[in-house]
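Visitor: Below is one structure. I have some questions about it.
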Amino acid sequence: MAANNLRSVLWESFEWFLFFTLLLSTRGSVAAAEPSINPTKADQLKQLNDQTIIATHVSLDSEWEHFKDGAEKATWTLAGLWGWPVSDSQDWGIRFRLPFNYYRTDQASDDNGIGGVGDLEIGVGTAFRLTTWRTAGGIELHTDTASDSILAEKVWRLKAGWGVAHDFSKWLSASFNADYNHSVAERDDVRPQRYLELSLPTTLIFPQAWSINARYKTAIDFENGDRWNHRVGVGVAKRLSKIPIVISATVEKPLSGGAKRFQASIGIVYYFQRYHSLK
């Protein structure tokens, strides 16, 4: 069984390697047809999946999760990021995320579900721009502040993250992110959390400020026998022409089993361009 699981993981990784290799190999043949797009609008589209870009904004995400046992969870997340430049090539940023959750255990039951405020997250980080390359790092605190224990993870957790991104052309960019999570306090007999998350997002920019993104994620749970979890996601986004708003929709599917069937989300982001201008 372990050998079969290892072969499955290796085969999935090889398939994704082939996908990105073929994607990047088309760069030269279509370079002459690159879409013309304002650099600031392009960065706003890429920022949805690229943590190396710091742009001042507020956002509201609506997320729906469906589980194999019939349970459902809806989350509306209010988030904000304030960024400021400290040099021509470096930015700093502070961000927060406050979720509002609604959880229902079984669609067929008479349970009306439970709703309330989720766990607040606060983080700080910095980013550097190096021509077509970017890199960023930061630290985030996940707090145990939910209004109901069912909506809480019941841990205080620190996350240290780092990422690097590259613009292969005006229309194609990719990044690699690594985030290490470690709980510093738990309650109600919740086991400690210690895991590493790796992700590889790619963004394709199209004319009229449209974009398509694809993302592969994997996580290694060090507190659960070094278990690996794999997920893939795809999304589409549109930057409005008259106002600095980006609207997006994404779907994510687990590849390693587990309780979750899939996750779908819709988001809207408003950028404060007059306070922060991307280089």
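Visitor: Between F222 and L255, take the C-beta separation as r, use R0 = 30 Å, and let me know the FRET efficiency to the nearest 0.05. Walk me through the intermediate numbers first.
Guide: Details: r = 20 Å, r/R0 = 0.66.
Approximately 0.90, to the nearest 0.05.
Visitor: Using θ = phi - 60° and the Karplus curve 6.51 cos²θ - 1.76 cosθ + 1.60, what whole-Hz ³J(HN,Hα) does each residue of region 78-88 get, with Gly and Pro shown as x?
Guide: For region 78-88, the Karplus curve yields 8, 9, x, 9, 10, x, 9, x, 10, 7, 5 Hz.
Visitor: Roughly to the nearest percent, how much of the accessible area of region 92-204 is carbon and sulfur, given a 1.4 Å probe? Working shown, then result.
Guide: On the way: 3480 of 5670 Å².
Carbon and sulfur: 61 percent of the exposed surface of region 92-204.
Visitor: Another question, then. How would you classify region 100-215 from its alpha-carbon gyration tensor, with a ≥ b ≥ c the square roots of the eigenvalues: rounded for a/c under 1.5, else prolate if a/b is greater than b/c, otherwise oblate?
Guide: Numbers: a/c = 3.01, a/b = 1.62, b/c = 1.86.
The shape class here is oblate.
Visitor: For region 143-279, what is the accessible area per residue in Å² when the probe is 1.4 Å? Intermediate results must be reported in sequence, preceding the final value.
Guide: Numbers: 7050 Å² over 137 residues.
Per-residue value: 51 Å².
Visitor: Based only on Cα atoms, what mean projected area does the convex hull of region 67-107 have, in nm²? Mind showing how you got there, number by number?
Guide: Working: hull surface 17.0 nm².
Result: 4.2 nm².
Visitor: Which whole-Hz ³J(HN,Hα) couplings does region 128-141 yield from phi under the Karplus relation 6.51 cos²θ - 1.76 cosθ + 1.60, θ = phi - 60°, glycine and proline marked x?
Guide: 10, 10, 10, 6, 8, 10, 9, 8, 7, x, x, 9, 9, 10
Visitor: As an exercise, use a Förster radius of 35 Å and the Cβ-Cβ distance of I150 and W84 to find the FRET efficiency, rounded to the nearest 0.05. If you can, show how the numbers build up before the last one.
Guide: On the way: r = 38 Å, r/R0 = 1.09.
That gives a FRET efficiency of 0.35.
Visitor: Can you give me the distance in nm between label points at E72 and Y102, each placed 7 Å from the Cα along the Cα-to-Cβ direction?
Guide: 0.9
The values are calculated or read from the model by the stated rules, or taken from the named source; none is laboratory data. All figures in this text were calculated on a predicted structure; none of them were measured in a lab. Cβ: placed from backbone, ideal geometry, glycine included. Neighbour counts: every protein chain shown. Note: accessible area is taken over every heavy atom of the protein model, side chains too, but ligands, DNA and RNA are not part of it. Shrake-Rupley method; radii C 1.70, N 1.55, O 1.52, S 1.80 Å.
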